[in-house]
Amino acid sequence: MISVKYGVDVPPAMVEVLEHHARAEGLSLDALEVIGASLDFVEAFIVAAERGVGSDFLDRMGLAGPPGDQVARARWQAERLFGPDSAA
């Protein structure tokens, strides 16, 4: 079983809502730990996800996952590994 360490100030009820939205957004475990470390991040992500802009929140935090199609995914990976000019 995989366990994610959440901040001590994050109540269990918020963890459930966070995990629900994290699954819907395809959030990685690393990103989930970053967001889950702070009640402020948890609340901000939940609000963004419920407004339909969860992916925008993840982009601003630098936690967004790769795009769905293969070419966009390859460009995304190249940019993360080698910088923004590498995917051109």
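Is there any pair with a first residue in region 1-30 that is under 19 Å from M61 (Cα atoms) and a second that is modelled with pLDDT under 90 and in a helix (DSSP H, G or I) whose Cβ atoms are under 8 Å apart and which are 6 or more apart or on different chains, and what are they?
Within 8 Å, the pairs are V4/L29; H21/G54; A22/A31; A24/G54; E25/G54; E25/S55; E25/L58; L27/L58.
Only one residue in A24, A49, A31 is aliphatic (A, V, I, L, M) and touching a Phe, Trp or Tyr at 6+ places or on another chain (Cβ under 8 Å). Which one? Step through it out loud before you land on a result.
Numbers: A24 fails: touching a Phe, Trp or Tyr at 6+ places or on another chain (Cβ under 8 Å); A31 fails: touching a Phe, Trp or Tyr at 6+ places or on another chain (Cβ under 8 Å).
One residue alone meets the criteria, A49.
Matching residues to (1) in a helix (DSSP H, G or I); (2) surrounded by 15 or more Cβ atoms within 10 Å (Cβ to Cβ); (3) in contact with a Ser or Thr (Cβ under 6 Å, 6 or more places away or on another chain):
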site: Y6; (1), (2), (3): no, yes, no
site: A13; (1), (2), (3): yes, no, no
site: L18; (1), (2), (3): yes, yes, no
site: A24; (1), (2), (3): yes, no, no
site: A31; (1), (2), (3): yes, yes, no
site: D59; (1), (2), (3): yes, no, no
site: A72; (1), (2), (3): yes, no, no
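Working carefully through the options E79, E33, find the one that is within 11 Å of the chain's Cα centre (by Cα) and charged (D, E, K, R). It would help to see each step written out before you state the result.
Values: E79 fails: within 11 Å of the chain's Cα centre (by Cα).
Exactly one of E79, E33 is within 11 Å of the chain's Cα centre (by Cα) and charged (D, E, K, R), namely E33.
The values are calculated or read from the model by the stated rules, or taken from the named source; none is laboratory data. As the structure is a prediction and not an experimental result, all values here were calculated from the model. Here Cβ is always computed from backbone atoms with ideal geometry, including for glycine, and neighbour counts include all displayed protein chains.
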